[in-house]
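Reviewing the structure listed below.
The values are calculated or read from the model by the stated rules, or taken from the named source; none is laboratory data. Everything numeric in this text was worked out from a predicted model, so none of it was measured. Methodologically, a virtual Cβ is constructed for each residue, glycine included, from the backbone with ideal geometry; neighbour enumeration extends over all protein chains shown.
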Amino acid sequence: MDPSHQMRTLKWWMLVYLFVATQSITTHSSMVPGTLQLQLDEEQPAGTVVGDISAGLPPDMIAAHYFISDHQGTGITTDLDIDESTGIIKTAKVLDREVRNHYSFIAVTITGITIEVSILVNDINDHGPTFPKERAMFRIPEQTTIGTRFPLEPAVDADEGQLTTQGYIITDGNIGQAFLLDTKRGSNKVLYLDLVVNAVLDRETRSSYTLLLEAFDGGSPKRTGQMILDVIVQDINDNAPVFNQSRYHTMISENLQPGNNILQVFATDADEGDNGLVLYDINRRQSDPDHYFVIDSRTGVITLNKPLDFEMRRVHELVVQAQDNASQPEVTNAFVTIQVRDYNDNQPTMTIIFLSEDGSPQISEGAQPGQYVARISVTDPDYGEYANVNVSLEGGDGKFALTTKDSIIYLICIEQILDREEKDHYELRVMATDSGTPPLRAESSFTIQVTDVNDNPPLFDQQEYNQVIPEVAFPGSFVVQVTARDKDQGHNGDVHYSILQKEHSHSDWFSIDAVTGIITTLTQLDYEIDPAPSITVVVSDRGRPPLSSTAVVNVILQDINDNEPVFGSKFYNASIQENSAAGMCFMQMGAGMTLKSIWEFDDAQPAEIPANSTSKHHSTPLDELLFSLHQKSLSAGFPPPPFSESKLLSLSDLTSQLIKRVSVQPQHRKASQRDLSSLDTL
């Protein structure tokens, strides 16, 4: 090779070396000839320049070609792109340190120079700590000593160095700071985790904890992983059974037959499972060596096992023990005292005297607390302790009480206010029990009747009644029925009705049945006088004094056409000259309703009266005639009422002419001549 070509080649390698030195992420050249150590961060894109093999040549040496030694499975040909002519090493793909963290190969030049190339893949924080399970369960016995450690499976981080797991914390669920976390780095660089008990665990107080554990690495920002740890506090037999009472008492008769239950003891154990299963037994070394009594190991029921003899033994003391079913059971004792009583053969007697006026078992509802109802005297033929009789009262819903001063005479008295309307009788039972064994008892049952007092007024079903009736209802017609009720009984509950008489109320138009409350018309009603009469009905009981209440009855009258027009006078007198001009008004007549009047004459033009006027005009010259007019007027009602009639008499220039008929027609209707069935003469 000529020197000029070698010079150009040398210059070209120097430029390549300077480029690789400035572009590679991290390039390290060993001072040892024949070796080259390179490194780059993982996750770099494909094509990233890693380094130049020529950097591993001895000084002042160059190579035009390299032979690369590669073994299967080293990843050299798959992961790296090596230019054998230039010696430039690039990545063929994105490298993952967790898959392969280094590459090594040998490059040999044509001149035989061997270069050992080592490429180290640097870690970046691309992985977070990961627990083996998302949720795990751990059991710890209660009462575990504080400081006790329990190893947990650590979180694993595929990164290394500071980027691997650096610590653990409890983020939630650590109630009462019951636990701590402690860590230790193993030789394999894994950060191991211990759960440390930090407080006294009591299953009876809290049986479980749900802890949220978090592992974190040293990256920036940190990556974390979480796991839920369910800590179950296991029961130990740290609680002894506890009786509901330390001493039990009972009394039985000497003639009680074996097999009868006497009493039941009861104990509980706060532990669970066999540790909390309570079993009962009688301590025979300390009590009842003769087995007069036995106990059910599960229920605690004590049963008589042998006949008793009062004369031999009056009191039996038992030591009952309760123990749990643990391998090392806890035991608790209770004492049972059983008294044997002698047989009793005489029952007490009672005499009851009721303190009402007639001696019957009754009391007024107005009786006040403390008032006596009955007197009870008690005797017992037995002597000694058997003469001690206990009297008790049952029933009465707490309204009655029993009192005594000497345990011989007892009095039943009122304890609470009575209300007959709430309850009108009470069932009472008086029991007299002596102190014998077995106790003999006498009892008497009776019913106390609560008599009524007038403490409730009668009340209407409605405070206001409304009824519509026609004004032409005949006297005695039904209007409405009112109803009232009284909670009292007897005379106090009997009600009667009346109408309250008020001025200008027209209450005298109506009457009411005192017993049924039926209101009827008493007289003819008149819409024109009062279209809506209102009456007040009073209901009273027959108590002393009587109680009452009122209700209002509003009667709405339906108007009908029952009124005819009425003239102001039955007779009118007027004078008019026979030569008076047509259209002159010579008389004015009045009727109390709107009407239409038509006058008719024999052989003459009728006189005219306007529809809403009663002024009399003549339309033809008068010829000194005397005439009698019958004016009949109609109102607007239907059917029309009977004609109203008035006479008109003219005294000027007497002339006889009879009017055959005067009729009244409705407005816009013209009258016709008809023969009068009767004729009024002047």
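General remarks:
- Condition check for residue 349: surrounded by fewer than 18 Cβ atoms within 10 Å (Cβ to Cβ) and modelled with pLDDT of 95 or more: no
- Some residue of the stretch 183-202 being out of contact with any Phe, Trp or Tyr (no Cβ under 9 Å at 6 or more places or on another chain), closer than 30 Å to residue 44 by Cα and touching a residue at least 40 places away in the same chain (Cβ under 8 Å): no
- Test for residue 440: is it aliphatic (A, V, I, L, M) and in contact (Cβ under 8 Å) with a residue 40 or more places away in the chain: yes
- Here the stretch 264-303 is the region considered, the condition is being among the β-branched types (Val, Ile, Thr) and surrounded by 14 or more Cβ atoms within 10 Å (Cβ to Cβ), and the residue that is nearest to residue 234 (Cα to Cα) is 278.
- Selection over the stretch 478-506 of residues that are under 14 Å from residue 517 (Cα atoms), in contact (Cβ under 8 Å) with a residue 40 or more places away in the chain and surrounded by fewer than 18 Cβ atoms within 10 Å (Cβ to Cβ) gives a count of 4.
- Among the residues of the stretch 394-423, those that are within 26 Å of residue 380 (Cα to Cα) and surrounded by fewer than 15 Cβ atoms within 10 Å (Cβ to Cβ) comprise 394, 403, 404, 405, 406, 407, 408, 409.
- Residue 246 being crowded, with 16+ Cβ neighbours inside 10 Å, more than 30 Å from residue 138 (Cα to Cα) and either among the charged types (D, E, K, R) or modelled with pLDDT under 95 (or both): no
Results for (1) polar (S, T, N, Q); (2) touching a residue at least 12 places away in the same chain (Cβ under 8 Å); (3) in a strand (DSSP E or B), shown as yes or no for each residue.
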| site | (1), (2), (3) |
| --- | --- |
| 286 | yes, yes, no |
| 297 | yes, yes, no |
| 310 | no, yes, no |
| 317 | no, yes, yes |
| 335 | no, yes, yes |
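- Qualifying residue in the stretch 247-258 (condition: in contact (Cβ under 8 Å) with a residue 24 or more places away in the chain, under 44 Å from the mean Cα position of the chain (by Cα) and over 25 Å from residue 319 (Cβ atoms)): no
- Out of 514, 551, one residue alone is assigned by TED's automatic domain parsing to the domain that holds residue 468 and part of a loop (DSSP other than H, G, I, E, B). It is 514.
- Among the candidates 131, 150, the residue that is under 28 Å from residue 202 (Cβ atoms), surrounded by 14 or more Cβ atoms within 10 Å (Cβ to Cβ) and hydrophobic (A, V, I, L, M, F, W, C) is uniquely 150.
- Members of the stretch 184-218 found to be surrounded by fewer than 20 Cβ atoms within 10 Å (Cβ to Cβ) and either small (Gly, Ala, Ser) or under 30 Å from residue 333 (Cα atoms) (or both), listed by number: 186, 187, 199, 200, 202, 204, 205, 206, 207, 208, 218
- Evaluation of residue 113 against (1) of a type outside the set (Lys, Arg); (2) exposed (fewer than 15 other Cβ atoms within 10 Å of the Cβ); (3) not assigned by TED's automatic domain parsing to the domain that holds residue 218 (one fails), failing number: (2)
- Residue match in the stretch 437-451 (condition: in a loop (DSSP other than H, G, I, E, B), surrounded by 19 or more Cβ atoms within 10 Å (Cβ to Cβ) and either outside the structural domain of residue 362 (by TED's automatic domain parsing) or in contact with a Ser or Thr (Cβ under 8 Å, 6 or more places away or on another chain) (or both)): yes
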